[in-house]
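Here the structure is laid out as structure tokens; the discussion comes afterwards.
The values are calculated or read from the model by the stated rules, or taken from the named source; none is laboratory data. Keep in mind that this is a model prediction, so the values were computed, not measured. Note that each Cβ is placed from the backbone with ideal geometry, even for glycine, and that neighbours are counted across all protein chains shown.
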Amino acid sequence: MRYILILCLTLVATPLRAHNTDAHVISNMLAAFYHVLSHAVIDKLALSSSANSERDASMLSVMLIHRFYEENAAADHATDTNFGFVDKNDIRFQVSDPSDYWRAHGTSVSLFNDLVCVFYGGNPVERNTLSNALGLSERRKKTCVTEFERAFDDWEPVLDELEVIRARGRGEPLQFRADRTADPVHAEVLRHEVWALNKALQLPAPVDVTMRACNRENVSYMADRSEIVICTEYLAYLAISAEALHD
Ligand SMILES: [Zn+2]
């Protein structure tokens, strides 16, 4: 399965550095998807207090990328998305209002630095240059291997459990669907990602993944509906912000 994900993600994780709007949209769509999928995992396994849920979901999403992406794809993903904090560029360039997703998730610089630190700590040699580019200080680097090990100890057993649930046939595969507003390429990429994930791990309860219009520039997990929603408006917003970043 890992090979499937590697193939898929290597194909889609074309760097933002190439000024490719589609790659920017797809990478950030996947980053947001992994973040809200982490919220779904935490919810369905009843793992987190609400006070820590944002930090927990962010850490789990980094551990998902670390576990399932091959190194080059993981590095491209981190570069393209800044761990979902890419919207900070929009504020810097003042090209658009921040999205709903950014308002909910992108406001903590300390969390961003923690995520970069944990990612760096998972492979300090190969991720050194990237971490420098993302602004990780030499002083902070000293604790990152320990911080990664702590996150690993916290979250690897969770990912192991999801693999065991699937292996024993007790899991519920994510169900993907897209409405007519969805870009066919975006829908196909996410459909493939969901398909590959379902082959690796499964939740103990059903969760839908829907790409649809929702009048908001958002990606969210709606616990009461057991639904991950990728608003097509958010993907349109990402395309506009990508163009503006490279003007
Ligand atoms: Zn969140």
Inside the stretch 120-177, counting only helices (runs of 4 or more DSSP H) that do not spill past its ends, which hold 2 or more residues that are of a type in the set (Gly, Ala, Ser)? 128-133, 144-167
Does residue 180 satisfy the criteria of being more than 16 Å from the ligand (Cβ to nearest atom), basic (Lys, Arg) and either in a helix (DSSP H, G or I) or farther than 24 Å from residue 66 by Cα (or both)? yes
Positions within the stretch 214-223 being within 16 Å of the ligand (Cβ to nearest atom) and not in a strand (DSSP E or B), in sequence order: 216, 217, 218, 223
Hey, any hits in the stretch 233-245 for a residue that's modelled with pLDDT of 95 or more and within 16 Å of the ligand (Cβ to nearest atom)? no
Among the numbered criteria (1) at pLDDT below 95; (2) closer than 14 Å to residue 25 by Cβ; (3) surrounded by 17 or more Cβ atoms within 10 Å (Cβ to Cβ), which single criterion is violated by residue 151? (2)
Name every residue in the stretch 185-199 that is among the small types (Gly, Ala, Ser), at pLDDT 95 or above and either within 22 Å of residue 41 (Cβ to Cβ) or not in a helix (DSSP H, G or I) (or both), in order of residue number. none
Given the conditions (1) at pLDDT 95 or above; (2) surrounded by 14 or more Cβ atoms within 10 Å (Cβ to Cβ), report the number of the one that residue 168 does not fulfil. (2)
